[in-house]
Amino acid sequence: MTKASGRRRILLSAASFLFGLLTLLTVLGGGVWWLLAHPNTPVPPHWNPLRDLTVTAPVTPVTPYQLNRALADDALCRAALAEAGARFDPLDDLVVDQNCGIEGRGRLSGLVNARVTAVETRCATTLRLVMWEHHVVQPAAQQLLGTSVSRLRQIGSYNCRRMRTAQGQDNGWSSHATADAIDIVGMDLSDGRSLNLLADWDADGPEADFLRQIWRGACDWFRVVLGPDYNRLHADHFHLQGPGWGYCR
Ligand SMILES: [Zn+2]
């Protein structure tokens, strides 16, 4: 056997190995695709990246992917809210200028279980809010306070303004200018209690534990979360913002 033919044989066997591997991957990939796409797939919807988000389904590693798809598509977003029982009545987009306006606008008045002070906001902001309510706020209320939240109190989502900082006005536009944020000042509980961030954040007892737990949990569903510990401008509310660089303080 010459050196050249030996090399050719190695190349040929490498090529056939690669071909075999690609065939195997294609068959496996096709099999996985078929398994996920089949109408009677045994894969539960909340584990299936091809299925749409169900707000009240258990959270899995697939949930963020399903959520991102719904956040980017108003029809999917509204369908997810309707299925969850949220009250979000669609309105025409608010078009103001390049800095201000509300895409995917609606009038929000109810989440999955709690009501909320009625407000005009984006479907995407609402979807993050219901995920937070269902997967963080209500479980924490049951666990730490032995009751449920009947009403979230908010003080605004859309506001065509620039950012405010503790030093004064910043040059950038606020996420409120596009209703990509909502400010929460407190909540009413089903047992009659009422919580205020300003009064209860630094109090002793389960109410403060509850507020801190839902503040931290908001970071799972919003990309920017600012609370009373951030600065004096946020002493009385949580600023919950959809888009952002991942900041939780
Ligand atoms: Zn805010």
*Only Lys, Arg, Asp and Glu count, each charged at its Cβ (+1, +1, -1, -1), so figure out the dipole size of the chain about its Cα centre, rounded to 20 debye.*
1380 debye
*Sum of side-chain charges, residue 89 neighbourhood, beta-carbon under 13 Å (Lys, Arg +1; Asp, Glu -1)*: +2
*At 7 Å along the Cα-to-beta-carbon direction for both residue 16 and residue 92, put a label point, then send me their distance in nm to one decimal.*
6.9 nm
_Formal net charge of residues neighbouring residue 80 (Cβ-Cβ distance under 14 Å; K, R +1; D, E -1)_ = +1
*Of the residues 131, 163, 187, which exhibits the maximal mean-square fluctuation in a Gaussian network model of the chain defined by a 10 Å Cα contact cut-off?*
163
*How far is the Cα center of the range 178-249 from the Cα center of the range 82-154, in Å?*
14 Å
*Net +/- balance of residues flanking residue 165 in space, Cβ distance below 15 Å, scoring K and R +1, D and E -1*: +4
*Considering only 137, 112, 59, give the residue with the highest GNM mean-square fluctuation for the chain, with springs between Cα atoms whenever their separation is below 10 Å.*
59
*For the range 53-122, what class follows from the C-alpha gyration tensor (a ≥ b ≥ c being the square roots of its eigenvalues): rounded when a/c is under 1.5, otherwise prolate if a/b is larger than b/c, else oblate?*
oblate
*What is the set of long-range amide H partners of residue 87 at a cut-off below 5 Å, with H atoms built 1.01 Å from backbone N?*
109, 110, 111
*Which of 198, 131, 146 sits farthest toward the positive end of the charge dipole of the range 112-229, with +1 on the Cβ of Lys and Arg and -1 on the Cβ of Asp and Glu?*
131
_Shape call, the range 141-239: gyration tensor on alpha carbons, a/c limit 1.5_ = prolate
*With springs only between Cα atoms under 10 Å apart, run a GNM on the chain and tell me which of 173, 34, 201 wobbles the most.*
34
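Each value in this text was obtained by applying a stated rule to the coordinates, not by laboratory testing. Keep in mind it's a predicted model, so treat the numbers as computed, not measured. Positions of Cβ are backbone-derived with ideal geometry, glycine not excepted, and every protein chain shown enters the neighbour counts.
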